[in-house]
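What follows is a set of notes on a single structure, which appears directly below.
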Amino acid sequence: MKSPISASKQCIHRLLKPQKSSTTTTTTNLRRLSVAPDPIQPPSHEQLTQSAITNLKSTDDWTNNTILHQQLLSLPSNFLPKIARELETSIKALKFFHFINGNQSLSPLSLSSVFQVVIELAIREEDSVSLVNLLDLSKELKIPLSPHSATLLMRYFFRVKKIQNSVLVYEGLDPDVKTIGVKNTLLDLLMKSDRFRDARHLLDEMLEPDVKFPPNEVTLNIILPSLLRWNLGNENENENEKILGLVPKFGIHGLFPSNIWLTQLITKLCRSYRNDKAWDLLHEFMKFGKVEVAPCNALLSGLGKARNYDRINLFLKEMKENGIKPDVVTFGMLVNHLCKSRRVDEALDMFKKTREGIDGICIKPDVILYNTLIDGLCKVGRQEEGLSLMKKMKSEDNCIPTAITYNCLIDGFCKSGEIERSLELFDQMSNEGVNPTVVTVNTLVDGMCKHGRIGNAMEFFRKMQDEKGIKGNVVTYSTLISAFCSVNNIEKATSLFEEMESLGSPDALSYYSLISGLTQAGRPDDASFIASKMKKAGFHLDLVSYNTLISGFCKRNKLDKAVEVLKEMEESGMKADGITYNTLISYFSQKGDFETAHKFLKQMINDGNVPTVVTYGTLIHAYCLAGNLDEAMNIFNEMLITSKVHPNTVIYNILIDSLCKHGKVERALSMMDTMLQKGVKPNTTTYNAMLKGLSSTKRLKEALILMDQMRNQACDPDYVTMEILNDWLSAVGEVEKLRRFVEGYQVA
């Protein structure tokens with residue numbers, strides 16, 4: 001008796017096998033009489049699969065389809081996902097899932113693989129509602145999601161901006177399904193969604209020492225780019241720092257950032273003024289012996305910028321202890337930071353040691369190291385030594401000077417006023433085949449302008465345009481515009497500005513230069529016109545430019561225009577500073593408009609600007625000139641009592657001089673005593689005002705005491721002092737006392 005399985009297979013075979021003609025059948029039957037019968041070949045799994053797919057597509061009634069049942073029973077479970085996928089829609093695939101779940105005894109793993117196909121089709125159809133329902137169904141039927149299904153769902157929910165659903169997918173997974181691939185997927189999605197707290201908790205879980213699915217290189221490559229994109233000062237800063245603190249834990253699992261990643265991370269931390277964090281992070285990796293010289297150089301650079309030389313020396317020692325050999329970049333940075341700190345002799349000493357060898361490490365200096373040291377020497381006025389070093393770099397180390405080398409030397413000689421030496425170096429540069437740059441031209445133009453050779457600067461610039469094709473940039477034009485404005489050649493400055501406009505749009509610096517020059521030349525209206533052009537070009541005036549315009553209009557007695565500029569400045573969102581208010585208070589006071597001056601003083605305080613000694617001095621001086629000594633003294637007393645600003649010598653001199661001129665010599669003497677008690681030192685102007693007042697009231701005794709006091713305080717008399725005393729003492733027959741005073745003896 002045949003087994004049911006064998007009968008089933010024969011039945012399926014008959015269904016699949018094509019029918020032959022009667023002739024053929026007869027022939028075959030005759031053959032069978034003489035030979036052994038042919039064995040019945042069962043259909044292959046592929047044939048059964050294709051037949052089942054055809055059956056499923058051709059009818060909706062699968063329950064009563066005996067042949068379909070027999071086909072499916074004859075297939076291994078790993079063929080079922082292929083059948084589900086061929087059904088093409090998630091609805092049909094889900095119907096198939098329910099059909100096999102109710103009619104076959106399949107393992108959870110087999111059902112899970114079919115369910116994964118349903119999920120794949122639903123994702124392809126972008127059916128968000130269906131996917132949420134499928135997720136609920138998997139929980140209801142206790143069908144475990146496969147790692148691939150979980151990954152697909154998490155990525156889909158992230159794509160449709162439902163990251164919380166991605167988290168729920170992960171949380172509902174069996175522990176064995178939470179593979180490192182699944183964890184990495186969720187970690188990546190959380191980092192991209194700025195959910196750093198959740199990411200940190202997940203990462204902390206992944207980095208446990210005995211975790212079943214430890215992190216891998218992918219995990220590290222998810223974390224590091226996110227940390228490099230980390231914006232300091234945002235609301236997630238604290239969480240990012242905590243994630244950064246977890247990075248060294250990768251070392252426990254034998255994972256380390258590459259040399260490039262670690263260097264970038266250390267550089268970012270140092271540039272963000274987090275040298276301590278960079279120090280701690282690098283030392284954590286040094287414990288594993290996996291640090292190379294490049295990230296060490298990044299840390300040394302950060303420490304150098306912070307001028308933390310104690311830590312630099314300590315870290316160099318630790319590098320040696322850990323077998324990390326410094327390279328030419330290491331020494332180049334150290335030399336650079338020493339030069340910037342004007343410790344050039346120390347830089348020279350280190351440079352010498354690199355060539356001779358430090359701790360057995362001998363490094364040949366390159367052109368960058370030479371340029372750094374030459375620039376450092378030129379910055380401290382030792383350009384002759386820099387020139388000697390350039391000769392040495394060519395002869396001893398066969399390093400060819402670059403345009404940067406010559407630019408450093410040219411700049412050094414220009415700053416010292418040796419323009420001819422700079423031009424000689426420029427010629428040498430050209431003769432040696434080193435092409436000058438626009439920086440070279442700008443350096444020489446600036447040097448010539450600053451030393452009064454504006455015509456030569458202009459001639460040189462035109463020569464560079466014609467012969468070298470160096471057209472100049474906004475720095476070149478701004479330098480020349482400022483120079484011509486300083487000698488009141490506004491026409492030439494304006495012509496250069498127009499030339500620059502024709503070559504391309506000027507930048508803010510060019511506008512600032514012309515505005516400043518026109519204002520200083522007493523042409524604030526023209527400066528205001530340039531300012532309006534600047535705004536039309538899309539630039540904004542800065543505080544200095546506004547203050548320049550306000551001062552320019554004040555000097556031309558156009559106070560109403562100055563107030564208009566102030567109003568425009570405030571409307572643009574720019575807040576006035578102490579210079580703005582002091583300028584306005586000074587000029588309105590000089591005009592006797594004390595009401596407006598005090599209005600600006602009040603506005604100054606309301607805006608959070610603290611009145612300075614200049615503010616008070618301006619008002620006191622104006623009141624004294626107007627003859628209103630009482631108000632001047634009121635402001636002075638306000639300074640002493642309520643203000644944190646203490647009167648200086650200038651303010652005391654203004655009041656003493658004004659009191660004496662109004663015959664109030666006794667009050668002036670009293671004020672001078674107060675001045676000394678407050679620790680404010682009188683100067684020659686103080687004594688001159690006081691001696692003139694005493695002379696007008698013929699108080700010789702007090703004058704002689706002041707003369708001795710003046711000598712004791714090493715306050716030298718000037719021609720005004722001698723004129724006052726000579727006329728007075730000669731008239732009263734005290735020439736001998738004047739002689740003794742001049743010779744430095746006591747006269748009282």
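A short reminder: the numbers here are calculations on the coordinates, not readings from a lab. In this text the structure is predicted, and so the values were computed from the model without any measurement. Glycine also receives a Cβ, built like all others from the backbone with ideal geometry; neighbour counts cover every protein chain displayed.
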query = Filtering the range 241-255 down to residues that are aliphatic (A, V, I, L, M) and farther than 11 Å from residue 227 by Cα, which residue is surrounded by the most Cβ atoms within 10 Å (Cβ to Cβ)?
reply = 255
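Please find, within the range 56-96, the residue that is nearest to residue 134 (Cα to Cα) out of those that are polar (S, T, N, Q) and touching a helix residue (DSSP H, G or I) at 6+ places or on another chain (Cβ under 7 Å).
Residues of the range 56-96 polar (S, T, N, Q): 58-59, 63-66, 70-71, 74, 77-78, 89-90.
The next check asks that each one be touching a helix residue (DSSP H, G or I) at 6+ places or on another chain (Cβ under 7 Å); those that pass are 65, 70-71, 74, 77, 89-90.
On the way: 65: 27, 70: 28, 71: 27, 74: 28, 77: 21, 89: 14, 90: 10 Å.
Out of the qualifying residues, it is 90.
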request  = Exactly one condition in (1) assigned to a loop (DSSP other than H, G, I, E, B); (2) under 29 Å from residue 203 (Cβ atoms); (3) aliphatic (A, V, I, L, M) is not met by residue 143; state its number.
outcome  = (2)
request  = Scan 480, 444 and give me the residue that is closer than 28 Å to residue 388 by Cβ and touching a helix residue (DSSP H, G or I) at 6+ places or on another chain (Cβ under 9 Å).
outcome  = 444
message = Show the residue pairs meeting these rules: Cβ distance below 9 Å; 6+ apart or different chains; first residue within the range 114-125 and assigned to a helix (DSSP H, G or I); second residue of a type in the set (Lys, Arg).
response = 117/82; 117/85; 120/85; 121/85; 121/92; 123/155
message = Restricting to the range 419-440, count the residues that are touching a residue at least 12 places away in the same chain (Cβ under 8 Å) and not in a helix (DSSP H, G or I).
response = 5
message = Conditions first: (1) over 30 Å from residue 580 (Cα atoms); (2) in a loop (DSSP other than H, G, I, E, B). Residue 627 passes all but one, so which condition is the exception?
response = (1)
inquiry  = I'd like to check something: does the range 312-326 contain any residue that is among the aliphatic types (A, V, I, L, M) and surrounded by fewer than 14 Cβ atoms within 10 Å (Cβ to Cβ)?
reply    = yes
inquiry  = With the structure loaded, tell me whether residue 328 is under 30 Å from residue 379 (Cβ atoms), over 25 Å from the mean Cα position of the chain (by Cα) and not acidic (Asp, Glu) or whether it fails that test.
reply    = yes
inquiry  = Tally up the residues in the range 76-95 that are in a loop (DSSP other than H, G, I, E, B) and surrounded by fewer than 18 Cβ atoms within 10 Å (Cβ to Cβ), please.
reply    = 3
